[in-house]
Amino acid sequence: MIQTKASTGEVNNVRYINGFVSFSSVKLNVHCFDVDGVLIDTGAPRLLEKFKPFFAESNSDKVVVTHFHEDHVGGAAYLQKEYGLPVFMNQLTLDECTEKADYPFYRKFFWGKRQPFRAEPIGETFESNSATWDVIQTPGHSDDHLSFLNRETGQLFSGDLYVQPQTKVILRDESVPTIIHSIEHVLTYDFDEMFCCHAGYVKNGRQALMKKLSYLKELQDSILNLQKEGYNEKEIQKQLFKKKYPIRYFSFGEWDSIHIIRSIMMNR
């Protein structure tokens, strides 16, 4: 049986809720943030009941979405219907979100089934109660992925750009070279604190992203060097990714270290 729970808190004027979904040995989490009159992402459909009290306490007048994955837009339809809040996101996936949820069964099992909603193009900036925000294109995890920077506070809301310092598995559609470029792009902006939708509050956000960038570049070099030496993708996987993560099996291969290798080798 799937279990859910959530915890809330506040750090440096940012309210947050962290929702957890667990089944057997698999545990997943996702954050939603409430800051200066804006809700950033809306959690997963499976967690909606846990998130409703958090939404009810918010005075936000808009929702901005980092990307269209179900663990980030799960509450969007509810917030539109219950509070009449407009939702803004990358125009690349506007149409997809108006349609019936179309993603693998295991994701519906864990995160729930996303309800259709209508969103508007977010543009290059947006306004909150007391600040202007930069909308930064950061594809790689998904084509439509965005990060948001509060110009007044220097707080970066990075969606799934960071997640953890050392990536071991990625989705089949992800691209490590593109993620590298996105991190490099974000680092041209002035920020320190980072709010990640899975890692939560990262005090030294710039340093954390620089550490991840260094790891990914070293990994990319290792993969390309092994390829030059004549190793195929499976042989490279055996050398560099010895540990087998449960997500590889319950996702039927949608999450796998082999996708890291392929995205790098295909980009050469």
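Of note:
- Count of residues meeting criterion [part of a strand (DSSP E or B) and without any contact (Cβ under 8 Å) to a residue 40 or more places away in the chain] in segment 1-20: 7
- Considering (1) surrounded by 14 or more Cβ atoms within 10 Å (Cβ to Cβ); (2) within 30 Å of GLU152 (Cβ to Cβ), the lone condition that LYS203 does not fulfil carries the number (1).
- Residue satisfying all of: in segment 61-84; out of contact with any helix residue (DSSP H, G or I) (no Cβ under 8 Å at 6 or more places or on another chain) and in a loop (DSSP other than H, G, I, E, B); nearest to GLU96 (Cα to Cα) among these: HIS69
- Tally, over segment 107-150, of residues that are assigned to a loop (DSSP other than H, G, I, E, B), under 30 Å from ARG172 (Cβ atoms) and among the hydrophobic types (A, V, I, L, M, F, W, C): 3
- Hey, SER158 surrounded by 16 or more Cβ atoms within 10 Å (Cβ to Cβ) and assigned to a strand (DSSP E or B) or not: yes
- So THR93, is it out of contact with any Cys (no Cβ under 7 Å at 6 or more places or on another chain), farther than 18 Å from GLY200 by Cβ and of a type outside the set (A, V, I, L, M, F, W, C): yes
- Test: residue in segment 5-20 that is over 16 Å from TYR201 (Cα atoms), over 18 Å from the mean Cα position of the chain (by Cα) and surrounded by 14 or more Cβ atoms within 10 Å (Cβ to Cβ): no
- Qualifying residue in segment 247-256 (condition: of a type in the set (Asp, Glu) and without any contact (Cβ under 8 Å) to a residue 40 or more places away in the chain): no
- Restricting segment 182-200 to residues that are of a type in the set (Asp, Glu) and surrounded by fewer than 19 Cβ atoms within 10 Å (Cβ to Cβ) leaves a set whose member that is nearest to ASP144 (Cα to Cα) is GLU184.
- With respect to being touching a helix residue (DSSP H, G or I) at 6+ places or on another chain (Cβ under 8 Å), more than 21 Å from VAL73 (Cβ to Cβ), at pLDDT 95 or above and surrounded by 14 or more Cβ atoms within 10 Å (Cβ to Cβ), LEU240 fits the description.
The values are calculated or read from the model by the stated rules, or taken from the named source; none is laboratory data. In this text, all values refer to a predicted model and were calculated from it rather than measured experimentally. Methodologically, a virtual Cβ is constructed for each residue, glycine included, from the backbone with ideal geometry; neighbour enumeration extends over all protein chains shown.
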